[in-house]
Amino acid sequence: MSNVRIQIHCPKCDYTEDYHRMLGQCPSCGSTYLDAIYITDEPLPWPEALRDRPSSMWRFRELLPILDDANIVSMGEGNTPLVRAENLAAMLGLKHLYFKDERQGPTGSFKDRQASLAISTLREHGVNEMVVASTGNVAIAYSAYTSRASMRLTVFTISSVPPEKMREVMIYGTELVKVTGTYDQAKQVALRYAQQNDLFYDRGVKNIAAKESMKTIAFEIAEQLGAIYGPDEDGRPWRTPDWYFQAVSGGLGPVGIMKAFRELEQFGLSHGLPQLGLIQSEGCAPMVRAWENGEAIATPVLNPQTRIATVATDVPGIAYTLLREEMLHTGGSFEAVSDEEAYQALKHVARLEGMSVEPATALAFAGLIAMVRKGQVHPNEIIVVNVTGHTFPVEKHLFTEDVFREMDVTPAAQTEIPQEGLLAALESVGRTVERVLIVEDDPGASQLVMRILKAYGVPEVFQAYDGREGIDQIEALLPDLIVLDLMMPGVDGFGVLDYLKAREPLRDIPVVVVTAKDLTAEEKARLTSQVDSLLAKGSFMDEDVLQGLMNEKLR
């Protein structure tokens, strides 16, 4: 818009100039990390002006680095839904869990935003051929958008990327070069190729357009949360979540996300910054290791050991340093989870919420589960997970025999794998379980447990929503098994247990305690003598939960 002036700023030396040319580095100090800043003498016309604009990320045109709308290359990317995760939230004991569903972009990932803005700026500056290094989503998105813009693209990738995904890249006419080595080595080869042939090389987080495009995710999240929860206490129309979760490789996405929330605060649209939950695979987690060791610069991983190729960035570069500074000021954490935990989370999200997500997104969910279990994420906080892409059939190579062995339901496999979970629990009661009472004050969690029990053949499942009602129903029903929450109004779970143990007809009923409470050592010792199994709500997400409820056998 005419009332917004765009400048290019170097954070290292404070050099600034009006945006009119592409800069690969700062003219003053040579730094390759530059920012776009937006200056206006008038109020930003949001949110009113957005209501009548087309449904894409280009609704936020004022805060994107493009000079002439005629250069925009778009296929309707952005404006993806914010979906409430009711079942997963109930399992984790959370009240406000949302998915930002980026699978709905033109090529099925959040990288469509990056491709749209990057290719638009290149067109604006007369570039017609470019080079990029990628492990998947960027290659596909850039291939689609360069084709639309009639530009030539060369992609450098690594040999572990699924061949089916790379065939999709070549459908667009992209030249594909596979490098036998690490992703960082592929980036080095791509850069040399671009320099030797005088071609534009996309530098990821160092490319202004790339990180500016990621801001639009945050703009939409804040706008959508504002529509759900209304203006904040100061009358700002949009809302900042308490947590933003994403799996990270190079770290481009969260860098843009945090820049966006700062701009929203600058223009009076929302308040504050989210805490970051940034997740990596244990087999390639340079950011996590550096964070845990208190290091400002991440040490490269020389030999990545993850099957999830899209996050196998062995040299994180400047993004880690930037994100570490964010976390030191606003809170959050880097977390590492195993590939196996990611695969389990992938299946759980599909089965609980009907969403098929890419393994990188599954890492984010596995990290969320781990942080809920540790008590880092609290039940009443607003949490948004970036669903960065879809699980296409090309991901099938990731689910090798050793990963799927736990899912093999042949008789031989069943004898090798311990049967923990609800089925084993029901069997260990010693008699047929025909009647179960769930005492849980959260209707969503109670309903989900009831569905699981019903699915596995329990004919009668009853529900009570507080301790007093639970005691009354126990007296009347004499259930074969009780599933009991600890934290309830009035008579809590401890009170129910004390009542049961004091009465001869009731004290032998098996009880499984399910709680989101961070128990003290004294409380744990007390429960040990009173219950048959103790299960944290976060641990609902073990594989056998989809075959039952508990991950410990009743004794």
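Each reported figure results from applying straightforward, stated rules to the coordinates on display, with no laboratory input. Please read all numbers here as calculations on a predicted model, not as lab measurements. In this analysis, Cβ positions are derived from the backbone assuming ideal geometry, glycine residues included, and neighbour counts consider all displayed protein chains.
Before moving on, here are some points about what is shown:
- Rough spin-label spacing in nm, given labels placed 7 Å along Cα→Cβ, for S147 and R51: 3.9
- Given charges at Cβ of Lys, Arg, Asp, Glu: the chain dipole, positive-most of G332, N79, A118: A118
- Extension gain, R351 back to H125 (0.36 nm per residue minus Cα-Cα distance, nm): 76.7 nm
- Under a model in which nothing but the beta-carbon of Lys, Arg (+1) and Asp, Glu (-1) is charged, the chain shows a dipole of about 1240 debye around its Cα centre.
- More than 15 Å apart - percent of Cα-Cα pairs taken over region 1-42: 37
- The ranking of I382, I39, I217 by Cβ neighbour count inside 10 Å, starting from the fewest, reads I39, I382, I217.
- Label-point separation in nm, E233 to E17, each point 7 Å along Cα→Cβ: 4.6
- Residues K215, K178 in ascending order of nearby Cβ atoms (within 10 Å, fewest first): K178, K215.
- The length gained by stretching the chain between E325 and L176 to full extension, at 0.36 nm per residue less their Cα-Cα distance, is 50.0 nm.
- Simple label model, 7 Å out from Cα along Cβ direction - N71 to A502, nm: 7.7
- Phi-derived couplings, Karplus 6.51 cos²θ - 1.76 cosθ + 1.60 at θ = phi - 60°, listed residue by residue for region 304-312: x, 10, 10, 7, 8, 4, 5, 10, 8 Hz, with x used for Gly and Pro.
- At a Cβ-Cβ separation cutoff of 4.7 angstrom, cysteine residues of the chain with no neighbouring cysteine are C284.
- Label-reachable residues, region 141-170, where backbone N falls under 20 Å from a point 7 Å from R192's Cα toward its Cβ: 154-160
- Listing H390, H378 from fewest to most neighbouring C-beta atoms within 10 Å gives H378, H390.
- Rounded FRET efficiency, nearest 0.05, which uses the C-beta distance separating R468 from E522 and R0 of 25 Å: 0.50
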